[in-house]
Amino acid sequence: MDPTLKLLAFLILALANIRPIKSDFSHCEKVVKNWAFSSLQQRVKEDKHTLRDLLFFLHVPRTGGRTYFHCFLKRLYANAQECPRSYDKLRFDPRKQECRLLTTHDDYSMMSKLPKEKTSVVTILRNPVDRIFSTYEFSIEVAARFLVHPNLTSATKMVGRLRPGATGVSTLDIWPWKYLVPWMREDLFARRDARKRMGSIDIKRNNPYNMEEMVMPLQEYINDPRAHELVHNGETFQVAGLTNNSYFAESHEVRCCVQKHKILGEHILEVAKKRLDDMLYVGLTEDHRESATMFANLVGAQVISQALTDNSSMESAANSKSGQGSSHAESLPDNDDNQDSTSDHKADEIGSTKDLEEKKETMTVGKLMEAYEGCMSSLRKTQSRRRKSSLKRISPANFSKEDRSRVSEVVIQQIRSLNHLDLELYKYAQEIFAKQHKHVVEKLSSMEAESMFNNLGGITMWKFFSSAMCIVVLLALLFLFVNARRRMSKVKI
């Protein structure tokens, strides 16, 4: 073929390939910008520091949210106040349900199902590199528990038999673990089977994150399409409301466009930042102690105050009903069914109220922090024991913070690059955290000043005035004494 014709054919093919790419980017840019624009137009609450009727804890995986739930929220809210668990799908109508606490791995799109003006959102973020390490480790830790079974088929069947009758929420029902754990479980069984076929093998023990004979190496994990879909930039996508578990109809297309065209991620990042701005509380895993103290003072104090107000209202209502009941008691007909029904209803109501009172009637921020410290210590010991038990099955691949330092800088930089949006969002969360800290300090300072004033007010007013009068009289006598001395000195001269 003539060289000129060859060149012409090559240019035609090149242009044919470029057009769809250009068209695809233009389409994606339009989709992402439109979604971001509509999200940014949503009105910000006037006073985000005020706790509303419903508290939505947006639990980002591997940020320490489990500790907050068990050691803070379970002590602040009665069981009857918790919304039905919805880790795998929405199991109730939030607009009709009269619950006060919703804790879930669902992303921010859950707000589209909630009464926005009556809902406050709280969350915790973590350094993205540490969160990737933790996600990788936890995926393997949970999957390793299944290695007690002789093969993958047996393990899968056992899970199928246990789940229908199980109580509570299984890790395999929770996003994203319902995807990540089966993936790692299958991989662990495949590597175990390979070791059996190969017989005796020499396992390098210096770096558990690159021990391919035992577990999937970290670098392989972070480059897998499933990690791109579920793990990388997970904090940004979850706060924006764009995970693969989202309730937004356009979420899949927006997420795919952002993953395909990195530059479009900036629009999603701006939406995620706005979501954080509108939250009641944003904690940081790394600043654990300060975050916990801030949560207790910013959120816990308001929950306790709400509970006291609710209890007062319930007592007033109960007293009112009691008065009405006694005035009409003689005119009520004898009806055993009606009495049984009423007594059952009252028993439930009393039980619920009693449960509520036991948790909060004497609760203070100080007591809440004390309970948190004890609970956290106990929970960590339990988690540590379970972790060690699981990792024994894949020994010597026992992960630790010290082992993380052995991971090559190339892999660390790759993690940072793959989570560039999360790194930016985390920096922004640190700024919000600093502002929250300032707000809490100012609040506590004003409360201390008020407390001091009230303590002074404990001295009765007549004592205060009598003390003031004594001071005035003393000053007057001192003035007269000084003048008298002056006159005497003039006389002597």
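How much area per residue is accessible in segment 354-444 when the probe is 1.4 Å and only protein heavy atoms are counted (Å²)? Each step should come with its number before you reach the end.
Details: 5390 Å² over 91 residues.
With the other protein chains kept in place, segment 354-444 gives 59 Å² per residue.
Rounded to the nearest 20 Debye, what is the dipole magnitude of segment 93-161 about its Cα centre when Lys and Arg each give +1 and Asp and Glu each give -1 at the C-beta?
My answer is approximately 260 debye.
For segment 378-394, take each phi angle, set θ = phi - 60°, evaluate the Karplus expression 6.51 cos²θ - 1.76 cosθ + 1.60, and give the result in whole Hz per residue in order, putting x for glycine and proline.
5, 5, 5, 5, 5, 5, 5, 4, 5, 5, 4, 4, 5, 6, 4, 6, 10
Rounded to whole Å and sorted largest first, what semi-axes of the equivalent ellipsoid does the C-alpha gyration tensor of segment 34-165 yield via the square root of 5 times each eigenvalue?
Whole-Å semi-axes of the equivalent ellipsoid: 32, 19, 16.
List every residue whose amide H lies under 5 Å from the amide H of Leu242, counting only residues 5 or more places away in sequence or on a different chain, with H placed 1.01 Å from N in the peptide plane.
Tyr108
What figure, in Å² to the nearest 10, do you get for the accessible area of His70 with a 1.4 Å probe and non-protein molecules left out?
60 Å²
In what sequence, largest accessible area first, do Ser291, Ser405, Ser417 appear using a 1.4 Å probe?
On the way: Ser291 0, Ser405 95, Ser417 60 Å².
Ranked from most to least accessible, the order is Ser405, Ser417, Ser291.
Give the ranking of Arg380, Arg197 by solvent-accessible surface, highest area first, calculated with a 1.4 Å probe.
My answer, sorted largest first, is Arg197, Arg380.
So what's the net charge close to Ile132: Lys and Arg +1, Asp and Glu -1, counting the other residues with Cβ under 13 Å from its Cβ?
0
Going by amide H atoms built from the backbone, whose H comes under 5 Å of the H on Thr103, apart from near neighbours?
The list, which skips near neighbours in sequence, is Phe57, Cys83.
On a 1.4 Å probe surface of the protein chains, which of Val254, Val169 comes out largest in accessible area, and what is the full order?
Val169, Val254
For a quick check: with amide H placed at 1.01 Å from N, whose amide H comes under 5 Å from Gly283's, ignoring anything fewer than 5 positions away on the same chain?
For Gly283, the qualifying residues are Thr123, Ile124, Leu125.
For segment 134-149, take each phi angle, set θ = phi - 60°, evaluate the Karplus expression 6.51 cos²θ - 1.76 cosθ + 1.60, and give the result in whole Hz per residue in order, putting x for glycine and proline.
Here the 3J(HN,Hα) series is 5, 5, 4, 5, 5, 4, 6, 4, 5, 5, 5, 4, 7, 6, 5, 7 Hz.
With every protein chain left in place, what is the accessible area of His437 in Å² (1.4 Å probe, nearest 10)?
Per-residue accessible area (His437): approximately 70 Å².
About the Cα centre of segment 262-309, what is the dipole size in debye to 20, counting +1 per Lys and Arg Cβ and -1 per Asp and Glu Cβ, all else neutral?
Charge dipole, segment 262-309, about its Cα centre: 120 debye, nearest 20.
Assigning unit charges at the beta carbon (Lys, Arg +1; Asp, Glu -1) and nothing else, what dipole magnitude in debye, to the nearest 20, does segment 171-286 show about its Cα centre? Don't skip to the answer; put the middle values down first.
Details: 16 positive and 18 negative charges, 96 e Å.
Result for segment 171-286 is approximately 460 debye, rounded to the nearest 20.
How are the alpha carbon pair distances in segment 189-245 distributed across 5 Å bins from zero to the largest one, expressed in percent?
Histogram of Cα-Cα distances, whole percents per bin: 4, 17, 18, 16, 13, 11, 9, 6, 4, 1.
Express the carbon and sulfur contribution to the solvent-accessible surface of segment 59-108 as a percent, rounded to the nearest whole number, probe 1.4 angstrom.
Roughly 38 percent, rounded to a whole number.
So what is the diffusion coefficient of segment 366-436 in µm² per second by Stokes-Einstein at 25 °C and 0.890 mPa s, using a Kirkwood Rh over Cα pairs?
On the way: Rh = 16.0 Å.
In µm²/s, the coefficient is 153.
In sequence order, what are the phi-derived ³J(HN,Hα) couplings for segment 188-198 according to the Karplus relation 6.51 cos²θ - 1.76 cosθ + 1.60 with θ = phi - 60°, rounded to whole Hz, with x for glycine and proline?
Computed from phi, the couplings for segment 188-198 are 5, 5, 5, 6, 5, 4, 5, 5, 5, 5, 7 Hz.
The values are calculated or read from the model by the stated rules, or taken from the named source; none is laboratory data. The shown structure was predicted, so the numbers you read here are calculated from the model rather than taken from an experiment. Using ideal geometry, Cβ is built from the backbone for each residue, glycine included, and neighbour counts are taken over all protein chains shown. Keep in mind that these areas ignore ligands, DNA and RNA; they rest on the heavy atoms of the full protein, side chains included. Shrake-Rupley method; radii C 1.70, N 1.55, O 1.52, S 1.80 Å.
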